[in-house]
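See below for the structure under consideration.
The values are calculated or read from the model by the stated rules, or taken from the named source; none is laboratory data. Values in this document were obtained by computation on a predicted structure and should not be read as measured data. We place every Cβ from the backbone using ideal geometry, glycine too, and count neighbours over all the protein chains shown.
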Amino acid sequence: MIRLLTDIAGPFYDPRRPFRNWSTLPFYQLDLPQPPYVDRPLLEGGVARAEAYLAQVAAQGYTGVVIDNLAHLVSFDTAPERVYAADDPCRLRALAYGAAFTRLFRAAAAQGMAVFVTSDMQWATPGLRRYVGRLHPGNRRLAAANCWALEELFARFPEVGGVFVRVGEAGGAHNQGRCYTGHLLYRTVADLRCLIDTLLPVCERHDRLLVVRSWSLGIGDVGDLHWSRERYRAVFSGYRSPHMLVSLKYGPSDFFRHLAPNPTLGLPGPAQIVELQNRREYELFGMVPSGIAALHGRVLTRACHAGQTVGVWAWNSLGGWGGGQAALGDAGWSLWTELSSALTAFLAGDPAGDAAAFVRTWCAARFVADGAPERGFAEAVAAFYLDSEQLIEDGWYAGPLRAEPSSIAGIALPTLLWVWWLRPTGAALMWACLAAALPNLTVCLARSSAALARLDLHVARLAALAPREQAAAEFVLESARYMRACIAVAVALREVLLPAFVAAQQGDRAGWQAALAHLPATLATLTAHRLAWGERGDFPALELDEVLAYLGWLQRSPGRAWTHARLMALLARRLLGSSATGRQLRALGASATLLAALGAWQSARSHPALAALLAIGLLALPLRRPALRVVLPWLSQRFFLLPSIFFETGPAFTEWAP
């Protein structure tokens, strides 16, 4: 591997201030609405921590860092036309961040490390929007402004080796108020190639890299770019410039386990960078160990054999919504993320290397002083980390889904449909899809219970061996207890909802009632979890409001819930493994509406199942975005349609509408 990159956002987070969105460096903590527009003391503290972090990742073997973002670093002062007024807050922030980051970039260069800057396309600020007018991929003023931004970046920061450009995830929760917004403009192959043709010549003139990320999130005609060989070839064929790379995640969807390799890995065209995640966002944000030895070993081995891979970008802090202060520590990462970062660097050099021996050596160096009695604890920590990969796969994921069908409209599904970051879902459709795609319910529940039992053994061993008054040891022990508590919630929910939805699929009313008999025990587990962790800022309780609302409805209205579950099971069977788009979705919506009409004819009162089907039918129609924005979240919350986190995170939900 020529390049081994990591992000550098973590050191800029202040754990004493509210944080939730990990999609970029936390400008929302640093920016001020009034002069001087940037919290300079906080920024200086972040730069100081980032310099220390640079030394650590360089020692691990990383050769470069990726930092956010172009919008906060461009003043347009060198542009041939005025874009920002002299007193524009975005201009003044760019100058302040530029001065602070210059010090950081020079520190990176002094250690032989490259620097890359990210940019979502299309980013915008009020001043930029006033200058360009309509945000449209064919707008020449917008294309010119994008070129001026890169020209300024490369001229002002000679240490910057290039830009990482992402087109698939902008807007919505990624916006920072009205000052810094993102817009999904480049939705077609022609639009994306036009953007590349605009930016690449600038990079070539300045001898910098343009790294195009393939992450497209299923939106628009290029929505399947990340996993579709055909779309990938259509976008990237013909580009042979040594100044262009493609960056892609290792799997066919997000950073999940139990998935096949990304089908676009190794395809002809520009050389590739493979994205990995050391602080696993879907696996409790680095607050618990989430081993990557086998996962990253497999990915890196395949990448080496693919022949197209020229680098790895391993994330240590980016990704997700949620988490607690234990994810950050004092230096911007937890002990577990630091260990995974070091292990990934080791495996990048030798994918077949002895990962277990590396982990044991690392833990001994961290916890053992002069061969004292801490050695037993260090061995226990190493064993816990190495086992955590299987614990997560069995206890948090519940094992793999069937090979077929385990996708919707071509998007590969993970077994984490039941939870999104820290929020277990009460969306019946998610549980119905999960129940339909699991290969064996009995094996799934047995694996989950076995993982919980092994966690009990790890907690007991760590507690017995932990040295007193050692902060790192206290963190490890509390992390183990937290992991055990979170997986206990996962097991409790599965024991009720998976058998219930299997019964719903089979039309087994007696099986449904037998599954719901476990509801009191599940509710007791969730209540105990909240009591134990609800007031914690370091290890916060799982966000249980949504799933508790659904479980409460199951208790209050088991008859309606049964009808609702039956219809969700029917819909799940239609969706799984399908490539349903356009006409097929409209047909599905019409069928759902017909079923809803039959339900209304049979019942004097409208019930949640009826409303759910009507909502699904509406979703399949070409509604205007304002209608979706107002109606869909309300319907979803009231009738348990989609995970509530969908309306908080990622691009604006209405970006999915035509």
Quiz item: Counting only residues that are crowded, with 22+ Cβ neighbours inside 10 Å and touching a Phe, Trp or Tyr at 6+ places or on another chain (Cβ under 9 Å), how many does region 167-194 have?
Solution: 7
Quiz prompt | Residue in region 353-372 that is modelled with the highest pLDDT, counting only those that are touching a helix residue (DSSP H, G or I) at 6+ places or on another chain (Cβ under 7 Å) and not in a helix (DSSP H, G or I) | solution = GLY353
Quiz prompt | Any helices (runs of 4 or more DSSP H) falling wholly within region 121-239 and containing at least 3 residues that are at pLDDT 95 or above and among the hydrophobic types (A, V, I, L, M, F, W, C) | solution = 140-156, 189-205, 229-236
Exercise. Filter region 373-392 down to residues that are modelled with pLDDT of 95 or more and touching a Pro at 6+ places or on another chain (Cβ under 8 Å) and give me whichever is nearest to LEU438 (Cα to Cα).
Key: SER388
Quiz item: Just wondering, is there one or more residues in region 50-72 that are closer than 13 Å to GLY332 by Cβ, of a type outside the set (A, V, I, L, M) and either in a loop (DSSP other than H, G, I, E, B) or within 24 Å of the chain's Cα centre (by Cα) (or both)?
Solution: yes
Practice problem: Could you check how many residues of region 303-351 are in contact with a Leu (Cβ under 9 Å, 6 or more places away or on another chain), of a type in the set (S, T, N, Q) and crowded, with 24+ Cβ neighbours inside 10 Å? | Solution: 3
Quiz item: If you go through region 193-214, how many residues are of a type in the set (Val, Ile, Thr) and in contact with a Cys (Cβ under 9 Å, 6 or more places away or on another chain)?
Solution: 2
Quiz item: If you go through region 291-302 one residue at a time, how many are farther than 16 Å from GLY61 by Cβ and either in a strand (DSSP E or B) or in contact with a strand residue (DSSP E or B) (Cβ under 7 Å, 6 or more places away or on another chain) (or both)?
Solution: 1
Self-check item: Test for LEU570: is it under 19 Å from ALA437 (Cα atoms), modelled with pLDDT under 95 and part of a helix (DSSP H, G or I)
Solution: yes
Exercise. Report yes if some residue within region 510-530 is without any contact (Cβ under 8 Å) to a residue 40 or more places away in the chain and among the charged types (D, E, K, R); otherwise report no.
Key: yes
Self-check item: Some residue of region 350-364 being hydrophobic (A, V, I, L, M, F, W, C) and in contact with a Ser or Thr (Cβ under 8 Å, 6 or more places away or on another chain)
Solution: yes
Exercise. Being closer than 23 Å to VAL359 by Cβ and of a type in the set (Phe, Trp, Tyr) narrows it down to one of TRP315, TRP321, so name that one.
Key: TRP315
Exercise. Kindly indicate which of VAL83, VAL57, VAL74 is in contact with a strand residue (DSSP E or B) (Cβ under 7 Å, 6 or more places away or on another chain) and either farther than 20 Å from ARG3 by Cα or assigned by TED's automatic domain parsing to the domain that holds VAL167 (or both).
Key: VAL57
Quiz prompt | Test for ARG82: is it assigned to a loop (DSSP other than H, G, I, E, B) and loosely packed, with under 15 Cβ neighbours inside 10 Å | solution = yes
Self-check item: Condition met for ALA451 (touching a residue at least 60 places away in the same chain (Cβ under 8 Å), more than 24 Å from PRO263 (Cα to Cα), touching a Lys or Arg at 6+ places or on another chain (Cβ under 7 Å) and hydrophobic (A, V, I, L, M, F, W, C))
Solution: no
